[in-house]
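Structure record follows, encoded as structure tokens.
The values are calculated or read from the model by the stated rules, or taken from the named source; none is laboratory data. Computed from a predicted model, the values in this text were never measured in an experiment. We place every Cβ from the backbone using ideal geometry, glycine too, and count neighbours over all the protein chains shown. Areas reflect the complete protein model, heavy atoms only, side chains present, ligands, DNA and RNA absent. Shrake-Rupley method; radii C 1.70, N 1.55, O 1.52, S 1.80 Å.
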Amino acid sequence: MRIAGSLVVVTGASGGLGAEIARSLDAHGARLILTGRNTDALRALSSGLRQAQTITCDLAQRGGVEDLIGGIVEADIVVANAALPAAGALIDFTDVELDRALDVNLRAPILIAKRIVPAMVGRGRGHLVFVSSMGGKVPASRLSVYSATKYGLRGFAACLRRELDGSGVGVSAIFPGSVRDVGMWADSGATGRVGTVSSSAVTEAVIRAIENDRAEVDVAPLTVRVGAALAHVAPEMFGRLYKRSRADEQTESLAAGLRHKR
């Protein structure tokens, strides 16, 4: 898929990682539609880009997706990036907080795809990018809700890719590890043993996925990628190693720093 000249939607563009993705797409010649909850942040971002319009919407509201669809139905590419951190022990979540996480992180990208795919298929071209997380591959304590949405997004993207095979519409999933300079890890103030990645590495993965029609792209240190593979083929062994690694201390710090963002 050629990015230059394409109309590209980025959800969650008023947040840190979404803004970086938007800037990278702009540098590759995309015409942008930026969406998010923060109107001022969207306007500030768009003012520094060559060709960008903004749509303010809240995907935690059940009508938020429908408010958005009318303005993006002609998009060539959609980058579904919007997400809530949803970190913490399951029993500490209210039902409202659970609903918000599920709606923003999983329900919204599924509905956006459902509404926009027919037009893409009709044109015989398009690409959908779902920004998941290594939390969708590596189990960790205090991330049960967040990871449920990211595991789900991985499964949805993989199956949708098969459904659309041969239609001219590509589907990719991106799996960032802990991003050190923007987003939930940076906002939490957490520190820990597991290595981090830069936002530029994530944006490069998004570009690569679109241009080369990649099914999945992991953006994480080797140790995290090995852990993901081990968790898949030998979950009990992974659990023992996870316990010895004291990774709980890291996720506890992450959850504490993000409690206010649920």
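For this structure, a couple of remarks:
- Spatial offset of segment 102-175 relative to segment 23-80 amounts to 18 Å, using the alpha carbon center of each.
- For the chain, the longest principal axis of the C-alpha atoms and the axis of helix 199-212 are separated by about 50°.
- Accessible carbon and sulfur surface of segment 65-114 relative to its total accessible area, %, 1.4 Å: 60 percent
- Modelled spin-label separation between Ser200 and Val96, with each label point placed 7 Å from Cα along the Cα-to-Cβ direction: 4.2 nm.
- The spread of Cα positions in segment 1-136, taken along each principal axis and listed from longest to shortest, comes to 47, 33, 29 Å.
- In segment 149-262, the alpha-carbon atoms span a convex hull of 121 Å³ per residue.
- For the chain, the longest principal axis of the C-alpha atoms and the axis of helix 247-257 are separated by about 60°.
- Annotation: peptides 138-148, 220-230, 240-250, ranked by per-residue average of other Cβ atoms within 10 Å with the highest first, follow the order 138-148, 220-230, 240-250.
- Sorting the segments 164-174, 99-109, 46-56 by their mean number of nearby beta carbons within 10 angstrom, highest to lowest, gives 99-109, 164-174, 46-56.
- Helix 108-123 vs. the chain, principal-axis angle (Cα, 0 to 90°, nearest 10): 40 degrees
- 24 Å Cα-Cα reach of Lys261 towards lysines, excluding residues that sit fewer than 8 places from it in its own chain: Lys137, Lys150
- Length gained when the stretch Arg115-Arg62 is fully extended (0.36 nm per residue, less Cα-Cα span): 17.6 nm
- Over the chain, accessible surface divided per residue gives 45 Å², non-protein components excluded, 1.4 Å probe.
- Distance (nanometres) between label positions extended 7 Å along Cα→Cβ at Gln53 and Val226: 5.0 nm
- Sites Asp248 and Glu163 - FRET efficiency at Förster radius 35 Å, r taken between beta-carbons, to 0.05: 0.35
- Relative packing of peptides 22-31, 8-17 - highest average C-beta neighbours within 10 Å first: 8-17, 22-31
- Over all pairs of different C-alpha atoms, the chain has a mean inverse distance whose reciprocal, the Kirkwood radius, equals 18.5 Å.
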